[in-house]
Amino acid sequence: MKDRRDFLKVLLGGTAAAVAAPSVLASGLADKPITTAAPAFSAGDGSDLLIKEKGLPITGAFLDEISHDIPHQNWGPVEWDRDFQHMKAMGIDTVIMIRSGYRKQITYPSEYLLSKGCYMPSRDLLELFLTLADKYGMKFYFGLYDSGKYWDTGDMAHEVEHNRYVIDEVWEKYGKRHPSFGGWYISGEISRATKGAISAFHTMGKQCKDVSGGLPTFISPWIDGKKAVAAAGGTLSKDDAVSVEQHEREWDEIFDGIHDVVDACAFQDGHIDYDELDAFFSVNKRLADKYGMQCWTNAESFDRDMPIKFFPIKFDKLRMKLEAAGRCNYDKAITFEFSHFMSPQSAYLQAGHLYNRYMEYFGIKA
């Protein structure tokens with residue numbers, strides 16, 4: 001190249017007309033985007049494996065209003081309304097307040113719990129959730145109060161004492177006014193033959209049914225599997241996991257003692273490994289059928305396989321769990337917990353992606 005004009009000829013295709021412009025790059029080419037990106041991909045582009053087995057769809061979601069071990073998102077009515085819309089679009093027909101209070105944090109201005117030293121909340125979330133459930137045609141389950149003393153002492157008697165007042169109070173002030181109030185969640189979480197659990201579940205379940213004219217109740221225990229480790233630690237597994245046989249023996253005894261006042265059991269599915277799902281799920285379904293209870297799965301949408309707790313789960317892990325529930329003919333799938341781990345407006349960016357993959361998998365158009 002002899003000079004700058006020769007360089008511009010090469011750059012612009014060698015045409016004299018192009019070179020004649022005194023400042024070609026400034027005359028219009030520069031403000032036209034250079035298209036180098038590949039065509040956009042979409043679902044069905046051939047990159048997926050077109051898995052033919054479809055799992056049990058998630059139709060219920062916990063509402064974690066206290067968020068004692070995951071970050072609180074500080075939502076108000078606008079954000080919660082939007083989340084109910086996302087849940088409705090996904091096919092969720094049931095929402096469950098996981099607990100009405102934990103230790104001193106509570107979700108509604110309970111005269112009884114305030115008298116016991118609990119803190120006044122800035123918003124009546126119970127009223128808000130019931131109003132939104134009414135609006136979107138969902139069934140609402142009320143989660144009982146958790147004093148935290150069971151976790152400290154292993155004794156569930158405290159929960160029975162507090163909830164004796166909470167159950168009556170909530171039914172009188174909220175349950176009678178809202179058509180969406182459809183049931184009760186007995187929020188005490190156990191995994192094994194815990195001392196006093198049968199008596200406590202039976203007492204609370206019976207009171208819930210008696211006061212509300214027989215509305216359904218359910219529990220959501222955890223399986224004492226290899227991933228049942230302390231959330232505050234860095235360990236991801238343990239050696240002394242319960243066997244399938246021992247799990248069946250213990251829960252046979254528990255179901256025998258509570259089945260007349262507890263209608264459904266939704267075992268948490270995250271504490272066992274993925275190749276153990278069918279063995280434990282089959283036992284759960286067999287026991288539920290034996291005692292005339294519904295067998296639900298609590299499909300955890302957060303990941304227990306990572307040292308950082310807790311992030312949204314990888315879609316394939318959730319898929320495998322839902323497929324196992326489908327193979328074992330479970331009655332319903334609920335999740336802990338949509339708003340943090342699956343919602344498009346979650347504080348976790350990955351949650352919205354999980355929502356999108358779920359919708360694609362089930363062929364749901366938002």
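The values are calculated or read from the model by the stated rules, or taken from the named source; none is laboratory data. All figures in this text were calculated on a predicted structure; none of them were measured in a lab. Backbone-built Cβ (ideal geometry, glycine too); neighbour counts: all protein chains shown. The area values use the complete protein model at the heavy-atom level, side chains included, leaving out ligands, DNA and RNA. Shrake-Rupley method; radii C 1.70, N 1.55, O 1.52, S 1.80 Å.
Looking at residue 188, is it in contact with an Asp or Glu (Cβ under 9 Å, 6 or more places away or on another chain), farther than 22 Å from residue 80 by Cα and either hydrophobic (A, V, I, L, M, F, W, C) or buried (at least 20 other Cβ atoms within 10 Å of the Cβ) (or both)? So residue 188 fits the description; yes.
Please tell me if residue 66 is open to solvent by less than 90 Å² (accessible area, probe 1.4 Å) and at pLDDT 95 or above. Here the answer is no, as residue 66 does not meet what is asked. For the condition in a helix (DSSP H, G or I), hydroxyl-bearing (Ser, Thr, Tyr), under 19 Å from residue 109 (Cα atoms) and under 27 Å from the mean Cα position of the chain (by Cα), residue 174 qualifies.
Confirm whether residue 186 is under 30 Å from residue 240 (Cβ atoms) and at pLDDT 95 or above. Yes.
Would you confirm whether any residue within the stretch 303-322 is in contact with a Leu (Cβ under 9 Å, 6 or more places away or on another chain) and under 26 Å from residue 198 (Cβ atoms)?
Just the residues of the stretch 303-322 that are in contact with a Leu (Cβ under 9 Å, 6 or more places away or on another chain), to begin with: 304-307, 312-315, 318, 320-322.
Filter once more, keeping what is under 26 Å from residue 198 (Cβ atoms): none.
Scanning the stretch 303-322, I find no residue that is in contact with a Leu (Cβ under 9 Å, 6 or more places away or on another chain) and under 26 Å from residue 198 (Cβ atoms), so the answer is no.
Right, residue 194: assigned to a loop (DSSP other than H, G, I, E, B) and crowded, with 17+ Cβ neighbours inside 10 Å or not? Yes: the conditions hold for residue 194. Checking the stretch 167-175 against the condition returns a match, with at least one residue being over 16 Å from residue 264 (Cβ atoms), open to solvent by less than 10 Å² (accessible area, probe 1.4 Å) and touching a Phe, Trp or Tyr at 6+ places or on another chain (Cβ under 7 Å). The set of residues in the stretch 317-337 that are open to solvent by 10 Å² or more (accessible area, probe 1.4 Å), without any contact (Cβ under 8 Å) to a residue 60 or more places away in the chain and within 23 Å of residue 235 (Cα to Cα) contains only 317.
Looking at the stretch 134-159, which of the residues that are of a type in the set (D, E, K, R) and over 17 Å from residue 334 (Cα atoms) is surrounded by the fewest Cβ atoms within 10 Å (Cβ to Cβ)?
So in the stretch 134-159, the residues of a type in the set (D, E, K, R) come out as 134-135, 139, 146, 149, 152, 155, 159.
Now drop any that are not over 17 Å from residue 334 (Cα atoms), which leaves 134-135, 146, 149, 152, 155, 159.
Numbers: 134: 15, 135: 13, 146: 23, 149: 16, 152: 10, 155: 14, 159: 25.
By that ranking, first place goes to 152.
If you go through the stretch 256-270 one residue at a time, do you hit one that is at pLDDT below 95 and within 30 Å of residue 132 (Cα to Cα)?
Within the stretch 256-270, one or more residues are at pLDDT below 95 and within 30 Å of residue 132 (Cα to Cα).
Looking at the stretch 261-283, can you tell me whether even one residue there is farther than 18 Å from residue 223 by Cβ and more than 13 Å from the chain's Cα centre (by Cα)? Yes, the conditions are met somewhere in the stretch 261-283. None of 321, 317, 365 is in a loop (DSSP other than H, G, I, E, B) and out of contact with any Lys or Arg (no Cβ under 8 Å at 6 or more places or on another chain) except 365.
How about the stretch 324-362: which of its residues are assigned to a helix (DSSP H, G or I) and of a type in the set (Ser, Thr, Tyr)? Within the stretch 324-362, 339, 355, 358, 361 qualify.
Taken residue by residue, the stretch 322-333 has at least one member that is under 11 Å from the mean Cα position of the chain (by Cα) and either among the hydroxyl-bearing types (Ser, Thr, Tyr) or under 19 Å from residue 62 (Cβ atoms) (or both).
Starting from residues that are surrounded by fewer than 19 Cβ atoms within 10 Å (Cβ to Cβ) and in contact with a Ser or Thr (Cβ under 9 Å, 6 or more places away or on another chain), keep the ones in the stretch 83-104 and report whichever is nearest to residue 128 (Cα to Cα). Result: 93.
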